[in-house]
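**Student:** Questions regarding the structure given below will be posed in turn.
No value in this document is a laboratory result; all are computed from the given coordinates. Since this is a predicted model, take the numbers as computed values, not measurements. Using ideal geometry, Cβ is built from the backbone for each residue, glycine included, and neighbour counts are taken over all protein chains shown.
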Amino acid sequence: MDSLGISVIISTYNKEEWLRKVLEGYKYQSYNHYEVIVADDGSRESTKDLIDSFKGDYPVPIQHIWHEDDGYRRQRILNIAIQKAKMPYILFTDGDCIPRKDFVETHAKFAEEGYFLSGGYCKLPIDTSKAIEEDDIRTERCFEVQWLKQQDTLKGTQALKLNSGPVLASILDMITTTNASFNNCNSSAWKEDLIAINGYDERMQYGGPDRELGERLVNYGLKPKQIRHNAIVLHLDHARGYKTPESLERNLNIRKEVKDQKKKWTEYGIIKEEKKN
């Protein structure tokens with residue numbers, strides 16, 4: 001359904017090597033009615049240079065939205081990106097997730113009023129992550145189980161995702177016990193629904209801010225739809241220096257409040273004002 005306009009929002013911070021591979025992936029999508037927005041949480045100038053180098057012959061519009069580096073403020077830059085998105089439907093992913101060529105098309109196919117989509121990823125070890133080159137992405141070689149196993153180990157669950165055709169993938173999505181949560185690497189929702197709950201809670205650091213947003217979408221009345229075996233991205237390995245026990249504990253407390261009070265709106269989101277009635 002090429003009629004549905006999609007804004008693909010890619011969050012990033014100082015990972016040019018991985019972002020280059022991700023942007024390559026969005027050059028070869030089977031779907032064409034979308035834009036790419038890189039939501040940049042204060043990266044160095046070389047990230048801007050990389051994005052600019054793609055703009056000349058990129059198949060769809062590409063925006064670079066940046067704010068100054070003032071610590072971990074990913075949720076703030078994502079809220080800005082939501083507001084700047086030109087399309088009615090928004091697909092969220094990360095600058096370390098290479099999309100298969102049918103990735104955007106899959107989100108368009110399963111998008112439905114009253115729902116948000118919940119995808120997952122195929123996690124790769126560091127050696128495989130580094131081995132993937134531009135041509136491997138263009139030819140889709142890097143999505144072949146045999147090729148990936150030649151680089152390093154590949155878990156059986158990841159191989160199953162990559163080898164599943166549309167019918168098996170849909171069956172697996174139906175029977176999986178994995179919770180259909182809102183995930184930073186592979187989830188999508190209608191822009192009007194995201195605006196209605198005031199976007200991301202900007203108090204949240206690493207560890208659950210996307211889940212919290214999804215929990216408020218559910219409180220707002222939406223249902224999650226599982227597409228983890230249909231919508232495929234390869235997750236490139238990296239360290240997480242911004243993960244702290246303090247941030248995890250604070251985030252869990254915020255999520256508990258959302259659950260206990262059935263909150264739909266965050267006072268710390270896109271609009272900074274008193275709680276909406």
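**Student:** For the chain, with the dipole built from +1 on Lys and Arg beta-carbon atoms and -1 on Asp and Glu ones, taken about the Cα centre, which of 66, 164, 248 lies farthest toward the positive end?
**Tutor:** Going by the Cα projections, it comes out as 248.
**Student:** Turning to a different aspect of this structure: Could you work out the helix-only [θ] at 222 nm for the chain, with each DSSP H run of four or more residues adding -39,500 (n - 2.57) and the total divided by the number of residues, to the nearest 500 deg cm²/dmol? Mind showing how you got there, number by number?
**Tutor:** Details: 12 runs with 111 residues, N = 277.
Calculated at 222 nm, the ellipticity per residue is -11500 deg cm²/dmol.
**Student:** Amide H to amide H, which residues 5 or more places from residue 225 or on other chains are under 5 Å from it, using H placed in the peptide plane?
**Tutor:** HN-HN under 5 Å from residue 225: 116, 117, 118.
**Student:** Ordered by residue, what ³J(HN,Hα) values in Hz, to whole numbers, does segment 67-75 give under the Karplus form 6.51 cos²θ - 1.76 cosθ + 1.60, where θ = phi - 60° and Gly and Pro are x?
**Tutor:** 10, 4, 6, 9, x, 6, 10, 4, 5
**Student:** Now for a separate question. What's the magnitude of the charge dipole for segment 6-261 around its Cα centre, counting Lys and Arg as +1 and Asp and Glu as -1 at the beta-carbon? Answer in Debye, nearest 20. All intermediate terms of the calculation are to be shown ahead of the outcome.
**Tutor:** Working: 35 positive and 40 negative charges, 121 e Å.
That gives a dipole near 580 debye.
**Student:** A follow-up question, please. Set the Förster radius R0 to 51 Å, insert the Cβ-Cβ distance between residue 80 and residue 144 as r into 1/(1 + (r/R0)^6), and round the FRET efficiency to 0.05. Can you show the working numbers first?
**Tutor:** Working: r = 37 Å, r/R0 = 0.73.
My answer for the efficiency is 0.85.
**Student:** In segment 6-261, if the dipole is taken from +1 on Lys/Arg beta carbons and -1 on Asp/Glu beta carbons about the Cα centre, which of 217, 6, 32 is farthest to the positive end?
**Tutor:** Comparing the listed Cα positions along the dipole, 217 ranks first.
**Student:** Give 84/264; 101/191; 55/161; 101/149; 101/264; 55/101 a once-over and call out the pairs whose C-alpha atoms are over 25 Å from each other. Present the calculation step by step, with values, prior to reporting the outcome.
**Tutor:** Working: 84/264 22 Å; 101/191 23 Å; 55/161 32 Å; 101/149 20 Å; 101/264 34 Å; 55/101 19 Å.
Violating the 25 Å Cα-Cα cut-off are 55/161; 101/264.
**Student:** Right, here's the next one. Please work out the Cα center distance from segment 135-196 to segment 1-33, rounded to the nearest Å.
**Tutor:** 15
**Student:** Taking amide hydrogens as modeled 1.01 Å from N in the peptide plane, which residues meet the under 5 Å criterion relative to residue 35, leaving out close sequence neighbours?
**Tutor:** 6, 7, 8
**Student:** Peptides 217-228, 111-122: what's the order by average Cβ count within 10 Å, highest mean first? It would help to have the intermediate numbers written out before the result.
**Tutor:** On the way: 217-228: 18.1, 111-122: 20.2.
For the peptides 217-228, 111-122, the packing ranking is 111-122, 217-228.
**Student:** Applying the Karplus parametrisation 6.51 cos²θ - 1.76 cosθ + 1.60 with θ = phi - 60° to the phi angles of segment 140-155, what ³J(HN,Hα) value in whole Hz is obtained for each residue in order, glycine and proline being reported as x?
**Tutor:** Whole-Hz 3J(HN,Hα) from phi for segment 140-155: 6, 4, 6, 9, 8, 4, 4, 5, 4, 5, 5, 7, 5, 5, 9, 5.
**Student:** Between residue 157 and residue 28, what length comes free when the chain is fully extended (0.36 nm per residue of separation minus the Cα-Cα distance, one decimal in nm)? List each step's numbers first, then the result.
**Tutor:** Numbers: separation 129, 0.36 × 129 = 46.44 nm, distance 2.55 nm.
Length difference between fully extended and current span is 43.9 nm.
**Student:** Given H placed 1.01 Å from N in the peptide plane, which residues other than close sequence neighbours of residue 94 have an amide H under 5 Å from its amide H?
**Tutor:** 11
**Student:** Tell me, in nm to one decimal, what length is gained between residue 244 and residue 220 on full extension, where the rule is 0.36 nm per residue of separation less the Cα-Cα distance?
**Tutor:** Values: separation 24, 0.36 × 24 = 8.64 nm, distance 2.99 nm.
Taking residue 244 through residue 220 to full extension adds about 5.6 nm, to one decimal.
**Student:** Now, a different point. Classify segment 6-261 as rounded, prolate or oblate, taking a ≥ b ≥ c as the square roots of the eigenvalues of its Cα gyration tensor: rounded when a/c is under 1.5, otherwise prolate if a/b is larger than b/c and oblate if not. Working shown, then result.
**Tutor:** Numbers: a/c = 1.36, a/b = 1.14, b/c = 1.19.
Rounded is the answer for segment 6-261, as its axis ratio a/c remains below 1.5.
**Student:** Indicate the gyration tensor shape class of segment 132-277 (rounded, prolate or oblate), computed on the Cα atoms with a ≥ b ≥ c the square roots of the eigenvalues: a/c under 1.5 is rounded; otherwise a/b larger than b/c is prolate and the rest oblate.
**Tutor:** Values: a/c = 2.40, a/b = 1.81, b/c = 1.32.
Prolate, since a/c reaches 1.5 and a/b exceeds b/c.
**Student:** Mind sorting 152, 57, 193 by how few other Cβ atoms lie within 10 Å of their own Cβ, fewest first? Walk me through the numbers on the way to the answer.
**Tutor:** Details: 152 15, 57 7, 193 19.
The order, fewest Cβ neighbours first, is 57, 152, 193.
**Student:** Through the Karplus equation 6.51 cos²θ - 1.76 cosθ + 1.60, θ set to phi - 60°, convert the phi angles of segment 250-258 into ³J(HN,Hα) values in whole Hz; use x for Gly and Pro.
**Tutor:** 4, 5, 5, 5, 5, 5, 5, 5, 4
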